[in-house]
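Encoded as structure tokens, the structure appears first; notes follow it.
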Amino acid sequence: MDKTQKIISLCKRRGFIFPSSEIYGGFGGVYDFGPLGVELKKNIKNAWLRAMTAEENIVPLDSAILMNSKVWQASGHLTAGFSDELVECKSCHKRFKLDEIKRNKCPECGGLVTKPRKFNLMMKTFIGPVENETTTTYLRAETCQGIFVNFLNILNSMRLKIPFGVIQIGKSFRNEVNPKNFIFRTREFEQMEMEWFCSPKEANRFFDFWAEKRIKWYFDLGIKKENLRVREVPEEERAHYAQRQIDIEYHFPFGWKEIEGIHNRGDFDLSNHTKHSGEDLKYFDEETKDKYFPYIIETSAGVERSLFAFLCEAYQEIKGGRTKTTKPTKEVEILLKFHKTLAPIKVAVLPLVRNKPELAKRAKEVYQMLKPNFTCQYDELGSIGRRYRRGDEVGVIASVTCDFQTLEDNTVTIRERDSMKQIRVEISKLKEVIQKILAGEEFLKLGKIVK
Ligand code: ATP
């Protein structure tokens, strides 16, 4: 099994990601996020929000998925700008994007393919009971259009001055011709976007500023230097609105692929929406008395794509097991070495053995105590070693065990995921100690070392 297949299987087995509508045979290019997937996604989005709002002049927006279809006319999405060139194999009738085909041959069966034709990626739907051209609209294909059409609302209600940024996280939909590579390319996904409105004179400077911030974000969350690269996108490959574009690429098991795009959109959006809506979306600078269309620097990241990158980065297999003291086994142990901020479960609470009711009762009390502060799980099934391994497999940072000593002196052991070292601490200090572990303090200094 290759690494992608192993990750897909782990994601399903441990409740991260399930294929959509699986009991009905699935639904191409759509996935559901299970309990641990929800936590992981939430942590990624929160980390993004924290990083973006740490900067000056950033405000949030939550615009609707459904919009007036004129928005998509103005944005260029209904015309050539948002189409893929599609070919069909004359033998097996599978469809592919033109750029996936070499020498007019089907990549699956080697058959000849048809001439390319345009295929629009917008997902069509109807508003109200009648289905006709006037009730047609589309599920949004990117979150940023909601920001552009609210430019004046935000500017005026928040009394902002340029430069400022609007951030938004939300679902987007694209009728991808060939969804593939698990959650890398799907038909329904989430984006984390920022649109930075600035003077045209300052656009280049801000482009570099935001590019640096966004690249650093991935490194800060544990992506290794050698697995991330930045690609300056040449003019012929750029999105229809972009004057300059860089792609942040991650080294997935299936190759280098874009996880985030940074674009200088110039005045494309505000000038086009002005033209189509008749509303003047120019900015008036009170100091210089200039009136102009602000330039827009966009940072556009996919939640699922970065989640997939963080999964690939965290995934480790240890042949023969991690613990050297026990007899080597043929088993391969899995460790998801997530960054502490991202780990979906921070703490596991375990009674040393299940069949001692006093221990289980004490462990459940500890679990209840920690639960309001950390994502926790209680686990009493199987040997303690097996439970540690189950925790490692989903990246649990700290495993708290209640043993017989707990009943005597109200102390518990904490086992730390990466070092597998253990310390003993008082239950009354447990919350504080876990907070310190998560903040990255030196583990062995936080309690009495267990030999
Ligand atoms: P690609 O070339 O891979 O189709 P794109 O250049 O069209 O992507 P953008 O329109 O720049 O992508 O979207 C910004 C981000 O949104 C991407 O970097 C990616 O993380 C995410 N994204 C776009 N399309 C998809 C998709 N079909 N599935 C999952 N994430 C996506």
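The values are calculated or read from the model by the stated rules, or taken from the named source; none is laboratory data. Predicted, not measured: the structure shown is a model, and the values here were computed from it. No Cβ is skipped: glycine too gets one built from the backbone with ideal geometry, and neighbour counts run over all protein chains shown. For accessibility, only protein heavy atoms count, side chains too; no ligands or nucleic acids. Shrake-Rupley method; radii C 1.70, N 1.55, O 1.52, S 1.80 Å.
Here are the numbers for this structure:
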item	result
Alpha-carbon Rg with Dmax, taken over the chain, Å	25.7, 78
Calculated FRET value between residue 419 and residue 353, using beta carbons and R₀ = 30 Å, to 0.05	0.75
Where GluC sites (Glu not before Pro) fall in DSSP loop in segment 46-126, at most 16 other Cβ within 10 Å	55, 56, 108
Within-13-Å neighbourhood charge of residue 41 [Cβ basis; K, R +1; D, E -1]	0
Paired Rg and Dmax values of segment 270-359, which use every Cα atom, in angstrom	27.8, 78
Cα-centred dipole magnitude for segment 345-450, charges only on beta-carbon of K, R (+1) and D, E (-1), debye, nearest 20	160 debye
Three-way shape call for segment 388-447 based on the alpha-carbon gyration tensor, with the a/c threshold at 1.5	oblate
Accessible surface of the chain [probe 1.4 Å, protein heavy atoms]: carbon and sulfur percent	50 percent
Net charge contributed by nearby residues that have their C-beta within less than 12 Å of residue 195 (K/R +1, D/E -1)	-3
Electrostatic dipole magnitude of segment 268-337 [Cβ: Lys, Arg +1; Asp, Glu -1; Cα centre; debye, to 20]	880 debye
Antiparallel DSSP beta bridges within segment 345-450, percent to nearest 5	60 percent
For segment 1-88: rounded, prolate or oblate by the Cα gyration tensor [a/c cutoff 1.5]	oblate
Segment 1-51, relative contact order in percent, only Cα pairs under 8 angstrom and at least six apart counted	27 percent
Sum of side-chain charges, residue 61 neighbourhood, beta-carbon under 11 Å (Lys, Arg +1; Asp, Glu -1)	-3
Alpha-carbon centroids, segment 76-126 and segment 136-205: separation in whole Å	26 Å
Hull volume in cubic angstrom per residue (convex hull over the Cα atoms of segment 345-450)	86 Å³
Descending semi-axes in whole angstrom, ellipsoid equivalent of segment 204-291, from the Cα gyration tensor	33, 17, 10
Reciprocal of mean inverse Cα separation for segment 39-144 (Kirkwood radius, Å)	17.5 Å
Dimensionless Rg/Rh of segment 320-405 - Kirkwood Rh, Rg from C-alpha atoms	0.99
Whole-number accessible area per residue in Å² for segment 345-450, which is evaluated in the context of all protein chains at 1.4 Å	48 Å²
FRET efficiency, residue 428 to residue 337 (Cβ-Cβ, R0 22 Å, nearest 0.05)	0.15
Computed [θ] at 222 nm, deg cm²/dmol, the chain (DSSP H ≥ 4; -39,500 (n - 2.57); rounded to nearest 500)	-8500 deg cm²/dmol
Nearest-0.05 FRET efficiency for residue 64 and residue 209, computed from C-beta distance (R0 30 Å)	0.50
Point-charge dipole on Cβ atoms (K/R +1, D/E -1) for segment 40-135, about Cα centre, debye to 20	500 debye
Separation of alpha-carbon centers, segment 293-319 and segment 355-425, rounded to whole Å	32 Å
